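Where a number appears in this text, it was derived from the coordinates with a stated rule and is not lab data. No experiment lies behind these values; they were computed from the predicted model shown. Quick reminder, even Gly has a Cβ in these numbers, built from the backbone with ideal geometry, and neighbours come from all protein chains shown.
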Amino acid sequence: MSVAISIKNAVKRYGDNTVIPGLSLEIKDGEFFTLLGSSGCGKTTLLRMIAGFNTIEGGQFYFNDKVINNIPPEKRNIGMVFQNYAIFPHMTAYQNVAFGLEERKIKDPEKRKRVEEMLSLVQISELRDRKPENMSGGQQQRIALARAIVIKPDVLLMDEPLSNLDAKLRVEMRSVIRRIQKQFGITTVYVTHDQAEALSISDRIAIMNKGVIQQIGTPFEVYRQPRNIFSATFIGESSLLDATYVQDGSVDISGYEFTLAHLSKRLERGEAMTLCIRPDDFYFAEEGLSGRIEECTYLGSNYEYIVALDNGSQIKADIKATGEMIEIGTKVFVRFNEERANAFSKEGGNSLMEYYDEEEN
Amino acid sequence: MKKRISFDYWSAITLITLVFFILFFLFPVLQIFIQSVYDSASGTFSLDSFKKFFSRSYYTSTITNSFKVTIAATLITMVTGTMMAYFMKTVTIKARKIIDMIVIVSILSPPFIGAYSWIILLGRSGVLTKIINSLFGISFSGIYGFYGILLVFTVKMTPLMYLFVSGALEKIDSSIIECSENLGCHGVRKIRKIVLPLIMPTLLNSAFLVFMRIFCDFGTPMLIGEGYRTVPVLIYNSFIGEMGSDYSFASAMSVIVIAFSIVIFSLQQFVAQKSTIKMNSLHPVKAEKKKGAYGFFANFFCLFVALLSSLPLLVIVVLSFRRTDGIYYYNEFSINSYIKAFDTAGSAIFNTFAYSIVAMLVILFIGVLFSYVSVRRPSFVTKVIDVIITMPYIIPGSVMGIALILGFNKRPFVLTGTAVIMIVAYIIRRMPYTIRSSSSILRQIDSSIEEAARSLGSSKSRAFWRITFPVMVPGVISGALMSWMSIITELSATVLLYTTRTQTISIAIYQEVIRGNEGVACALSTILLLTTVISLSIFFRLSGKREIAL
């Protein structure tokens with residue numbers, strides 16, 4: 001049976017150093033929830049507080065309605081998958097997976113049945129009697145996953161489980177994890193620094209920076225509707241352009257006017273803002289912001305151009321590689337998809353889009 | 001979650017370790033310091049013992065003697081050990097595997113066997129002495145004193161130095177050597193500018209280690225030194241000597257030795273900190289076939305070192321099977337010496353095994369559990385203990401022996417003459433090694449496997465016993481075997497502590513040599529040697545490697 005997790009004002013300190021200054025979070029029952037951030041942002045610390053391996057200096061952690069702050073890790077009924085797999089090196093694959101069941105005093109034949117089922121689910125039945133020393137990282141990770149899930153945990157915690165795998169295996173394991181999580185419907189908290197991984201695997205993502213949550217949202221929301229400039233630049237690539245509000249959704253960029261589709265209704269004329277535009281939202285046109293091609297790279301399906309604008313900014317544009325590549329030094333006019341651009345206040349960096357009109361900025 | 005200080009059994013282990021080291025190490029060593037400035041006649045503070053030591057060259061000469069022979073032997077082994085390591089790693093040497101085995105067995109063989117068998121070979125009536133005298137018509141009276149000690153230590157320590165240096169050479173990536181050649185650096189210049197600087201930290205560290213071993217050794221100078229007396233010999237003599245024991249004087253000397261050890265140890269730490277080079281080699285340098293004089297010399301040198309190291313052991317084994325009446329050896333095979341050995345030293349054999357096994361069990365129990373606390377749950381107390389346990393490294397065996405006598409020869413702790421004090425001596429001398437090696441094993445075991453176990457429902461202690469402990473076991477047992485091999489050959493501390501009832505094999509050998517019962521001494525030495533070889537093969541089987549780490 002899985003649970004909803006709610007965290008109220010969590011505080012983590014190491015000595016005088018406050019790593020998490022007071023964080024609140026609701027994770028729904030059965031949800032695949034990802035904590036995303038660069039190293040040192042406190043995401044692993046928070047995960048280990050949920051697991052019970054880190055002390056909690058303040059706030060409450062709930063599984064459903066039950067406060068778990070003082071429950072030792074072994075009584076929380078969590079399944080955890082570690083970055084380095086943490087496979088017990090002296091046990092075979094079978095013994096590893098059976099371990100948690102033994103600790104729960106589950107005897108054969110049920111134990112055997114559940115372990116065998118789980119091994120075949122993660123497709124490593126043929127490795128059941130092998131010790132981990134001769135296994136690849138992917139195989140070890142499958143054992144780790146099976147070992148965590150076989151105990152039917154209330155919560156599955158995963159700490160950068162794919163970061164030690166090579167790129168191809170990582171993509172493959174992503175779908176294994178996703179498939180199994182959905183099949184069992186276990187509430188899952190997943191920690192990663194890899195934004196592509198977070199976007200592809202999660203129901204919702206929390207972007208963290210310096211122990212503070214910057215934005216919580218679906219992959220679509222965090223990518224398309226970043227709540228602040230940190231989210232916008234952390235997830236995916238963005239080019240930044242300075243702009244000033246004119247009126248009725250139109251903004252001025254060095255004398256050239258654009259009309260943004262979803263700009264907040266509360267803006268005042270002359271307000272300074274920063275626009276964030278994704279590389280694939282740029283295109284070249286007969287008129288627009290003028291500049292020169294500075295670099296160009298052929299990426300197969302796309303050309304990636306770095307353009308130095310005449311106003312001093314630099315942008316990155318991904319253009320479909322249908323025609324010839326434009327040569328370095330060529331003068332171009334740049335426009336962008338006005339439906340999809342995001343604007344942020346110059347001070348504070350908060351979103352100036354209508355999606356966030358309801359909230360106090 | 002509020003932090004509650006609870007008394008679980010990890011705190012119990014910390015407490016036991018602390019009490020053990022305070023009672024059996026700090027307390028007795030403190031007695032040495034008190035005794036050294038205590039005038040037993042008047043019962044007052046006095047520096048007379050120190051004055052006595054420094055006023056007579058008869059005493060101070062032991063310090064110069066010790067330093068002379070130690071420095072000379074260390075310098076020679078630095079050269080010979082490095083040469084051998086370089087040859088073995090870069091030139092294809094015939095019988096390399098056999099040479100390596102000989103080297104390891106000779107390192108682990110009882111330390112005083114060397115001195116004893118060199119006396120048999122090159123002593124006053126030695127086998128080789130006679131041959132030399134009749135060949136050249138001279139009256140060479142055998143190798144004793146400075147040159148005797150120097151010979152024994154050079155032969156004994158070259159293999160050890162070789163082992164350390166070849167470990168460092170193994171870490172040099174062949175691409176570094178190739179690169180230096182590519183840049184035009186060849187031959188001697190390459191060795192001087194690239195190889196030597198890279199192995200220098202290891203070389204210096206090993207030199208200090210060898211230095212301390214020689215400086216603290218008691219058996220060798222005692223047996224072969226004759227008039228050339230070193231500090232440990234003087235300490236022993238003034239404690240056991242014919243003119244009655246002078247506790248205060250022996251203590252004063254011990255203090256002086258401790259002072260020297262601390263200086264040398266700090267120097268070593270300083271140098272080690274200054275000069276560490278991190279190396280990681282994917283492709284170690286491969287041995288190449290070398291032709292001509294160089295290849296011949298390299299082969300000759302390595303074989304010669306192996307021969308010299310194995311010679312003392314061979315002599316002992318051969319003599320143990322020859323019939324002897326105590327003075328002469330006859331050219332006949334006989335197991336008489338063994339029968340005699342079991343007759344006269346049967347209890348010594350029993351004691352050796354009994355004491356060493358009890359000591360090992362205690363060492364393992366406390367050592368493994370404490371290392372766990374110290375690595376995984378460090379606290380102020382464990383840090384204090386970590387500091388205390390480095391001290392036995394720098395206290396020579398004979399000083400430790402005296403400390404234990406001073407600490408436990410009067411109420412409330414009367415232990416002198418018992419088996420307990422022998423076992424305690426073993427434990428104190430070897431426990432630091434076990435704690436250190438278990439700690440390093442633990443550091444290599446990621447703590448996440450224990451957390452994984454806890455997330456799967458194990459309590460803290462269950463996670464240790466079911467997961468971490470079993471993973472540690474092979475490494476710990478290998479380390480224990482190493483400790484055991486050095487315990488069964490311990491002489492310098494126990495020779496001060498034993499009584500006829502608590503004699504061990506190594507003491508019995510020493511006694512028999514002094515009494516001139518060489519056949520029995522050889523038989524006992526062979527038994528020790530055999531035990532070492534058997535332990536070693538178990539060690540190799542367990543560790544799966546043909547290497548030892550000391």
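Can you give the local net charge around B:S251? Use residues other than it whose beta-carbon is closer than 15 angstrom to its beta-carbon, Lys and Arg +1, Asp and Glu -1.
0
Near A:V155, the amide H atoms lying under 5 Å from its own belong to A:G79; only residues 5 or more places off or on other chains count, and H is placed 1.01 Å from N. Of A:F32, B:F301, the sequence from fewest to most neighbouring Cβ atoms within 10 angstrom is B:F301, A:F32. Placing unit charges on the Cβ atoms only, positive for Lys and Arg and negative for Asp and Glu, gives chain B a dipole magnitude near 1340 debye about its Cα centre. In chain A, helical runs assigned H by DSSP with n ≥ 4 each contribute -39500 (n - 2.57); averaged across all residues and rounded to the nearest 500, the mean residue ellipticity at 222 nm is -6500 deg cm²/dmol. A:P73 sits among other residues whose Cβ lies under 11 Å from its own Cβ, and their net charge, with Lys and Arg +1 and Asp and Glu -1, is +2. Taking the charge dipole of chain B about its Cα centre, with +1 at Lys and Arg Cβ atoms and -1 at Asp and Glu Cβ atoms, the residue from B:P284, B:V420, B:M101 reaching farthest to the positive side is B:P284.
Take the Cα of A:V246, go 7 Å toward its beta carbon, and the backbone nitrogen atoms of region A:289-320 under 20 Å from that spot belong to A:289-291, A:310-313. Among residues other than A:P279 with Cβ under 9 Å from its Cβ, the summed charge is -3 (Lys and Arg +1, Asp and Glu -1). Relative to the Cα centre, the charge distribution of region A:5-224, modelled as +1 at Lys and Arg Cβ and -1 at Asp and Glu Cβ, gives a dipole magnitude of about 240 debye. Charges on Cβ only, +1 for Lys and Arg, -1 for Asp and Glu, centred on the Cα centroid of chain A; of A:A261, A:Q139, A:G58, which one is farthest towards the dipole's positive end? My answer, from the dipole projection, is A:Q139. The mean sequence separation of alpha-carbon pairs under 8 Å and at least six residues apart, normalised by the residue count of region A:5-224, gives a relative contact order of 30 percent.
Projecting the Cα atoms of A:Y223, B:Y228, B:S261 onto the charge dipole of the protein assembly as shown (Cβ charges, centred on the Cα centre) puts B:Y228 farthest toward the positive pole.
The charge dipole of region B:290-385, taken about its Cα centre with unit charges on the Cβ of Lys, Arg, Asp and Glu (plus for the first two, minus for the last two), comes to roughly 600 debye. Exposure proxy shown here: for B:W118, B:W465, the number of other Cβ atoms within 10 Å sets the order, fewest to most, as B:W465, B:W118.
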